[in-house]
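The values are calculated or read from the model by the stated rules, or taken from the named source; none is laboratory data. If you're wondering where the values come from, they're calculated on a predicted model, not measured in any experiment. Every residue, glycine among them, receives a Cβ derived from its backbone with ideal geometry; neighbour counts consider all protein chains shown. These area figures cover heavy atoms from the full protein model, side chains too; ligands, DNA and RNA do not enter into them. Shrake-Rupley method; radii C 1.70, N 1.55, O 1.52, S 1.80 Å.
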Amino acid sequence: MSSPNNLSLDYEALAEKKRKALADMHRGEGSSKKAREEDISEGIMDEIMQAMNYGGRRKSSKPKKRGRRMGSRNKLSPKIKSMVGDATLHYGNGRFKEAISVLNEVVKLAPNFPHLYLMLGLAHKALGDNKRAFQFYMLAGLLKPKDPDLWKLLFTWSL
């Protein structure tokens, strides 16, 4: 068996180790066992965050739209819009020549707007000038090639 003298030495050695560990921990070093646990937990957290793609760009559930947004082309100024409105009123009230004169002015300001040529074609057709109406419809068709109704109309007129 152990002698009482040995027990007191073992106790003193154990107490000294404990004091030293506490002092190290207060200085910030910590015990070696504690340090290993922190390293392991940091490594696991890093892996979890990477698996979750933490901090990366979140993907939207909606698919990304491709191409040009609808309506972003052919923006007209308020002056041109009011002139087109006046021409539409003239046409609606049966004043076709006034509508044509206003539309000709607007075409000079906004030559790439296909709706103007379509309206000019309608006004000339109402006056009975089918040849000029067809020409304006063709211009509208060339500026708006994906309008199937307009191309059907041009097809039937060309027969």
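Listing for the model above:
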{"item": "Those residues of the stretch 116-159 which are in contact with a Pro (Cβ under 6 Å, 6 or more places away or on another chain) and among the charged types (D, E, K, R), in sequence order", "result": "K144"}
{"item": "Residues that are free of Cβ contacts under 8 Å to residues at least 12 places away in the same chain and not in a helix (DSSP H, G or I), drawn from the stretch 99-114", "result": "P111"}
{"item": "Number of positions in the stretch 75-111 that are under 34 Å from the mean Cα position of the chain (by Cα) and closer than 17 Å to D129 by Cβ", "result": "1"}
{"item": "Total residues in the stretch 97-151, condition open to solvent by less than 60 Å² (accessible area, probe 1.4 Å) and under 17 Å from S82 (Cα atoms)", "result": "14"}
{"item": "Residue among G128, G141 that alone is on the phi > 0 side of the Ramachandran plot, at pLDDT 75 or above and of a type in the set (G, A, S)", "result": "G128"}
